[in-house]
Every structure is written in C-alpha cells, then in structure tokens.
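First the structure, in the form of structure tokens, and then the observations on it.
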Amino acid sequence: MKKTLKILVVDDDQGDRMAVRCALAEAGVQMELSEVGNGNDAFSALTTTAYDCVFLGYRLLDQDGLSLLQQLRSSEIKVPLVVLTGEGDEQIAVQLIKAGATEYLSKSRISPETLAQVLRTAIRVYWAEMQVALANQQLRESHEHLIRKNQELERQQQQIQMQNFKLLEASQLKSHFLATMSHELRTPMNAIIGFSQILLRPKFGQLTHQQADMVERIFNNGKHLLMLLNEVLDFSKLEVGRLDLKAERFDVSKVINLAVNEMRSLADAKNLSLLMQTDLQNTLVFNDPARLKQILINLLSNAIKFTESGEIWVEVKELPVNRVAIIVRDTGIGIAPRDFKRIFEAFWQVDQTITRKYPGTGLGLAIIDSLVRMMGGKIFLDSKLGSGSMFKIELPRQITLSTVAADTPAIQLDDDGVFCSAKNPHHSSFQAR
Ligand code: ADP
C-alpha cells in the first residue's frame, strides 16, 4: 500500500491499542494512526475525519462495539471496519459482521502479517462492497426511472386512445352529417330539376327566348349541383362501408357507349373529339353496370374539364385471365408525378386555391378508387404535365366479392413507375405509353 493510510484504533485497553500500532508499524504500513478508548470519542473522530480503516475492540469504556457500530451505520458513516475480538467472542464477531463490520480478527492472533493482511482485505472488501452497493443503487434508480417512463407511456397511450376515440366519433358525426345533408338536399334539388324540365316543354306554354334561356340555366345548374350532392353522398357511404354493389350480367360496350354519348355534348361544347374504340370478343361481364357508368362519367368529365384542345379516347380491350381494360386518355393539362398519389385522396386537387380555374369537389377520383376496388379491379394512372393523362381500369369479367381486399395499402407505383391502386392484391404491371 503506497499511500499513507489514516487508521483509527478504538479500544478501552491501551495495551491492545499499542499491540495494533506496533504490529502495523512492524508490517511496514505507511500510516497516520489515531487511538481512542471510548465510543463517544470514536464517533466524533469518525464524523470529522475520513479514515481508511478502523480497528474496533468489542469492549469500550462507555458502550460495546456493537452499539457503536449500529450508531455509525445509522449515521450513514461508512468506513472499512475490522472488529478485534477476545478469546471465545466468535459469536459476537458474527453479530458485528451482520451489523456491518467488514472483517474480524481475534486479538490473540494479532501479528504484523495477520494485521496487515486483514487491513488489506478489509479495505478491498469494503471498496468492492461499495461498488456493488453503488451499482445496485444505480440499478434501482434506472429501474425506478423505467417504471416512471412506463407509467408516462401508459398515460400517453391512454390519451392517444382517448383522442383516437374522439376523432373516430367526430369522423362518424361528419360522415353522418354529410350523408344526411346530401340526402336531404337531393329531394328539393330533384324538384328544381324536374319542374324546370317541365317548364321547358311547350305543352305548358311557350316561354320567351330569354325565359327559356334562364330556365335552361336553372336546369343545368340543378343537374350539376345534384351531381355534386351525389358525390358527397357516395363518398360518405363509402367511408362508413354502406355502399353496396348491385352485380348483374351486362354488355360492357353498351354501358361505355351510354357514358360516352352522355358526355358528348360537353366535349362538343369545348370542340374536343370524343372517340371510342372497342376491341372485345366477348362484351358480357358480371359486375355493377351503374357503378361502371358512374366511374366512366367521372373519368370522362375530368378528361373534358382538364383538356382545352385535342382529343379524348375511350378504349376497351381484352386482357388475359378473364379481365377487361377500359382506358380513358386525354390531351389535357396532365398531372405531375409528385401529385399521382395525392389526387386519389379525398378532397385533394392539384390546384388547391379558391380561385382555381377548374371547379369540383376533389372527391371523384377517391370515389372511383374505392369503387374500382369494390368491383375487384385496379386503376392505373400515367400522365405527363402538359401532354395529357391516361387512366386505365382493369376489371374482372366476373366479380368475386371475396377477392376484394379492404386492408392493403391504397395506391402504389408498379414496376414501370405507373401509378396504380394497389388495394387489390392481384396486381399486374402495365406498359406506360
Ligand atoms: P375534381 O375533378 O372534382 O377536382 P377528382 O377527384 O376527380 O376531383 O380529381 C382530383 C384532381 O386530380 C383534380 O382536381 C385534378 O387536379 C386532377 N385530375 C383528375 N383528372 C385529371 C385529368 N384528366 N387531367 C388532369 N388532371 C386531372
């Protein structure tokens, strides 16, 4: 031991204290040794000075070693402590070790070697114990910290659950409100459309040119408003899963023809050619014709809305594995790739400003995406800003409702970088134009 050790010897017998001092000196321990004969002096010495080791005799003038030891421990005084016992005091030594003494040695065995050895062991054991106690303390603290963190996390989880619940409630209320309002508004709107249509018939009296023009505007705006209301109603029904398909066998070419003819006047009004090409050996499919027509009307009205000049083509093609493809292309403003995913989200429009050029609810593609999925199909988008857009729908010839996957992610890129609705697991790649 290189450093000078501060050692305290506590014993009522001066001879015993001397024996300890001499033995340690003879063993060559470099030290500063103090001696006290009673517990009181020992206690005050230990409260004022930091000792490296204490040799404690059991019998003291004013108390015994055990009560001094207990007093030291309850005052949080920590020091390596060697108990020096008399002959036959082994029982007492055990008690002292239990009370916190580091080592014990019978006074009869005091010699320079044993004392130096005990001193070294006591200091080593004491520091090892201190380190274990420190590690334990740190473990306890980190355990408590973890418990606190856990409690905090549980509280946060509960808060999130509560907020989720509130959000769900608010969303359900919103859907309910949308469904009720659009449903309620449809009745008077139908009356407006119906009566304006009647007014336009000559058998109810001839209208002046100006009057007919105004009634026609009422009729057209009424129809537009009804279409918007229907979109909101469909969307709210889709959101709560209350929109059902009415599947039947029908001629897909006829339905496409109907939709194209319905949109022709709008295309004509903008001087756009509206072309249709059918390339099907078998035109019969089993699906929902009304919903297919709705999808086509939506795609065509977008194509017409976002095209200022050029053409709009509708193509119907046979696909392998009993599927058909319906493609709507335009030569319009096109869509930037960064917007491919978002335009299928409800209420999302590329131009989000209030002063935007093109009117609409931003619900059309979200509804189409959900409907196509319900119908067991997929929708693909390819577009180039400034050159035009292509929306392709792939539908099974025969719908099997069980194949419709409701929980797969919404839209993703296929191998060719063409955007597609991927909620249907049967996804095939598509050659971009
Ligand atoms: P809306 O047409 O009512 O705005 P949609 O959901 O049908 O809503 O379309 C969302 C957005 O996608 C449109 O606002 C437009 O920005 C873009 N979009 C859809 N179809 C086309 C198209 N054929 N050409 C260019 N942009 C389109």
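To test your reading of the geometry: what angle, between 0 and 90 degrees and rounded to tens, separates the Cα axis of helix 289-305 from the longest principal axis of the chain? Helix 289-305 sits at roughly 90 degrees to that axis.
Could you work out [θ]222 nm for the chain from helices alone, using -39500 (n - 2.57) per DSSP H run of at least four and dividing by all its residues? Round to the nearest 500 deg cm²/dmol. Intermediate values should be presented prior to the final figure.
Values: 9 runs with 207 residues, N = 433.
Taken over the chain, the calculation gives -17000 deg cm²/dmol.
Candidate cross-link partners of Lys317 among the aspartates and glutamates, defined by an alpha-carbon separation under 18 Å and a same-chain spacing of 8 or more, comprise Asp251, Asp279, Asp330, Asp382, Glu394. In the chain, the portion of solvent-accessible area held by carbon and sulfur atoms comes to 54 percent [1.4 Å probe, whole percent, DNA, RNA and ligands not counted].
Largest first, the residues Lys317, Lys203 sort by 1.4 Å accessible area into Lys203, Lys317.
Any idea of the accessible area per residue across the chain, 1.4 Å probe, to the nearest Å²? Could the numbers behind the result be given before it?
Numbers: 24570 Å² over 433 residues.
Per-residue accessible area for the chain comes out at 57 Å².
Heavy-atom accessible surface of His176, to the nearest 10 Å², is about 120 Å², with a 1.4 Å probe and all protein chains retained. Between helix 65-74 and the chain there is an angle of about 30 degrees, using the helix long axis and the longest principal axis of the Cα atoms.
Ranking Cys53, Cys22 by solvent-accessible area of protein heavy atoms (1.4 Å probe, all protein chains present), from largest to smallest, gives Cys22, Cys53.
Each of Arg201 and Lys223 was given a label point 7 Å from its Cα along the Cα-to-Cβ line. The distance between the two points is 1.7 nm.
Quick one: pull the percentage of alpha-carbon pairs in region 168-239 with a separation above 16 Å. Tail of P(r) above 16 Å: 55 percent of Cα pairs.
Where does region 205-337 land on Rg(C-alpha)/(2.2 N^0.38 Å)?
On the way: Rg = 17.5 Å, N = 133, 2.2 N^0.38 = 14.1 Å.
Dividing the Cα Rg of region 205-337 by 2.2 N^0.38 Å gives 1.24.
Between region 75-89 and region 132-177, how far is it from one alpha carbon centroid to the other, in angstrom? The two parts, judged by their Cα centres, are 50 Å apart. Evaluated at q = 0.08, 0.13 Å⁻¹, the base-10 log of the normalised Debye intensity for region 248-421, with identical point scatterers placed on the Cα atoms, takes the values -0.23, -0.62. Taken along its principal axes, the alpha carbon cloud of region 127-271 reaches lengths of 111, 35, 33 Å, longest axis first. Taking 27 Å as the limit for the C-alpha separation, the pairs Lys237/Lys392; Lys223/Lys378; Lys270/Lys384 exceed it in the case of Lys223/Lys378.
Remark: C-alpha extents of the chain on the principal axes read 138, 47, 39 Å, sorted largest to smallest.
Keeping every protein chain in place, order Trp348, Trp127, Trp313 by accessible area at 1.4 Å, biggest value first, i.e. largest first. Write down the numbers at each step before the final one.
Working: Trp348 60, Trp127 145, Trp313 80 Å².
I get Trp127, Trp313, Trp348, largest accessible area first.
Cross-link partners of Lys6 among lysines, defined as those whose alpha carbon lies under 27 angstrom from its own and excluding same-chain residues fewer than eight positions apart: Lys78, Lys98, Lys107. Amide H contacts under 5 Å for Gly334: Gly386, Gly388, Ser389, restricted to partners 5 or more places along the chain or on a different chain, H placed in the peptide plane at 1.01 Å from N. Taking the longest Cα principal axis of the chain as reference, the axis of helix 112-199 is set at about 20 degrees. Computed over region 5-110, the percent of Cα pairs more than 15 Å apart is 58.
With 0.36 nm allotted per residue and the present C-alpha distance subtracted, the Thr121-Glu32 stretch has 30.2 nm of extension available.
As an equivalent ellipsoid, region 85-155 spans semi-axes of 42, 14, 4 angstrom, where each value is the square root of five times an eigenvalue of the C-alpha gyration tensor, largest first.
The values are calculated or read from the model by the stated rules, or taken from the named source; none is laboratory data. Every value quoted in this text rests on a predicted model; they were computed, and no experiment measured them. Note that each Cβ is placed from the backbone with ideal geometry, even for glycine, and that neighbours are counted across all protein chains shown. The accessibility values were calculated without ligands, DNA or RNA, using every heavy atom of the protein model including side chains. Shrake-Rupley method; radii C 1.70, N 1.55, O 1.52, S 1.80 Å.
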